[in-house]
1. Considering Cα pairs under 8 angstrom that are at least six residues apart, work out the relative contact order of region 449-492 and quote it in whole percent.
2. Provide the gained length on full extension for the span T522 to A236, in nm with one decimal, where the gain is 0.36 nm per separating residue minus the Cα-Cα distance.
3. Rounded to the nearest 0.05, what FRET efficiency is calculated for R108 and K481 with R0 set to 51 Å and r the Cβ-Cβ distance?
4. Straight distance only, please: which lysines reach the Cα of K426 with their own Cα at less than 23 Å, same-chain residues fewer than 8 apart left out?
5. Taking the Cα centre of region 428-503 as origin and charging only Cβ (+1 Lys, Arg; -1 Asp, Glu), how large is the dipole, in debye to the nearest 20?
6. Tabulate in residue order the Karplus-calculated ³J(HN,Hα) for region 117-126, using 6.51 cos²θ - 1.76 cosθ + 1.60 with θ = phi - 60°, rounded to whole Hz; enter x for Gly and Pro.
7. When only the heavy atoms of the protein chains count and the probe is 1.4 Å, how do K290, K380 rank by accessible area, highest first?
8. Could you work out the relative contact order of region 466-569, using alpha carbon pairs under 8 angstrom and six or more residues apart, expressed as a whole percent?
Amino acid sequence: MARLVGIGGRSLIAEVGEQTGTIDGLAIVGPTASGKTDLANALALRHRDLVPIAVDALSVYDGLPITTAMPAASVIEELGYRCVAHVPVDMEYSLGQFLHDLEDEFGRLRDQCQRPLFVGGTALWIRAVVNGFVPPRGAPGVRGWLESRLLDEVDDRSAFHLLSQLDPAATEGVDPRNRRRLQRALEVALASGGTESVAGNRLGTDGPQRYPQIGLALPSDLLERRIRARIESQIADGWVDEVARVLTMSPSRTARVAIGVAELTAYLEGQVALDEAIETIARRTRRLVKRQLGWLRRDPRIAWVPSIDHGVELADRLLSQGCASAEDHGARLSTSSPRLTDSAGRDSQVMADEQRQTAVAAEQRAHTHERRGVVLELVKFTGAGNDFLIGEVVGALPDAETITALLDRSYGVGADGLILVDLADKDLPVMHLFNQDGSRAQMSGNGLRCLGHYLVARHSLSPSQAIVTDAGLRRYRLVEKSNWAWVGETTMGSVVLTVETDGSFLVDVGNPHRVIVLDSLTALEDIDIAVEGTRYQEEAIDTNGINVEWMVRSEDGCVMRVFERGVGPTMACGTGSVAVARVARHLGWVRELAAIENPGGELMVHFVPRSSDRLTMDLSGGRLQQSQPPLDATNDTGGEDEVWLRGPSLLIADMTPAGWFFSS
């Protein structure tokens, strides 16, 4: 297991331990979309005495679950989330109110022998919690007078002048244009008669912290993908409808500034198109992330980790230290075992604590086992190098952000795609296919073949099986199986070809493809697949991206390279191989049979006249043999020929991904 290293090569465990002593809770921080909630959920499942507390100025509002990307209601209930959705959306809510409410939560945690797990969304709020900040007192009457009499558009200078007379030190940290901070500074000064101030460094970073902070610092490209996937998922989950509903509730000023509310309001009012609103949301989110990172990186006490797995590892080690008394609320929040050096004569207490820990561990194991009915169990297959995670539908389908995290090759399990099969009707399984970026895909020939392998091997379904896809009904047939790879074939539906004016071809195989013909293998190898493929994505607005294949003629078919939309360059593409074979047939290079060489291996495409007997392929000798069609594929209409794709499928591994992947 990798060692977690801090500043100057020192252990992060040592660094954080020196700052906090023993551990009485944790704080998870990081920019928007970095996976803070996923990490918190994982930790709450592993350590059942940890209770997640949202530290976010917007998650407090009831009615904004999509806008604030709250965990699912079932997760909130199961893990016991605190400080979420408890404030009416038409009310203003401040840091002072939050800290007051937090005191009540501390009391409940103490009574239940639990520890807080703070999940930071608002950087200032999390800093206040970590520092044990107690806000200066204000007065509602003073606040109302300031709002109605002094702080108007023409009198901000007078307000700032008054503050300079009452509390000169406070003016150094208050921008006179920042009305909220100006009002707060005046409120404190007036209500206390000048004895209290907002000035000082009580929210600084050079003092001790009451809770260790673990910060998620993902690579910028991954964070950008997660931002895009998050927005896409929010729109799909009904974000527009949520904003429309909130607008009828007279939302507070704070609620209105949530990213997405103003942008989707403009869309609802007909001022902008939805795509424009989404782009503005993405742009604002990126700016917010930049500000959040700027604020957080000024705090040297944060232990930064590059992934959720590293965060879990660091948290596990920190929490294993036990906890000390919590000065912020005057009593122990946790019943973790005390250190033996705390005092003499504590043997009985130590024994009692060890018994409690054993019981907690047993409960956790039982809980984990129980959750396996909810958390997906997956298998990994590859078809000619095109790899897929395959599992079964359990409740609602995971969102785009979850899928992106799961398929990420650096920080997740890693694969080109995710296939979830609905087996409510085993006679007609339904295939749900997702790309690496979390978007839904209509069809994958290699994925369909791997799914057929899975259904036969795991559920003993017929080796000649119909499967429903987003592109229509398809059929799988097992041709040959061994202890290593199986060989299967699938119908591919109708294939429609259009010749473009630039000499390329548009081919519809249930999903869109652009095929470019090159004149030599050298030209094919010189293509920068990633760069050129990305350029074509930007041009394919109507189809929300496009699969791109580059092809060169070979002795009995073609050699191809592929860029799959939503994924990028891949080792193989089944529908892409069919598209290339269709172009080769149009050019007169092949007739009924085409061998398509992908980087990951060879796939065979067979065009079978619907009115004739079917030619089957003898893979061992390369001969064609005539026989009756193995399947009744009359539902695959849409052309003179029926198209079959044949190739290998190989089981790679069984796995149960960490629960946090599917916890939100």
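1. After rounding, I find 33 percent.
2. The span from T522 to A236 would gain 98.6 nm if fully extended.
3. Efficiency, from the Cβ-Cβ distance: 0.30.
4. Counting by Cα, and skipping residues close in sequence, K426 has these lysines nearby: K380, K481.
5. Charge dipole, region 428-503, about its Cα centre: 460 debye, nearest 20.
6. Karplus values, whole Hz, x for Gly and Pro: 10, 7, 10, x, x, 9, 4, 5, 5, 5.
7. K290, K380
8. It rounds to 17 percent for region 466-569.
The values are calculated or read from the model by the stated rules, or taken from the named source; none is laboratory data. Source: prediction; values computed, not measured. Here the Cβ is made from the backbone with ideal geometry for all residues, glycine too, and neighbour counts use every protein chain on show. Remember, those area values only see protein heavy atoms, side chains included, never the ligands or the DNA or RNA. Shrake-Rupley method; radii C 1.70, N 1.55, O 1.52, S 1.80 Å.
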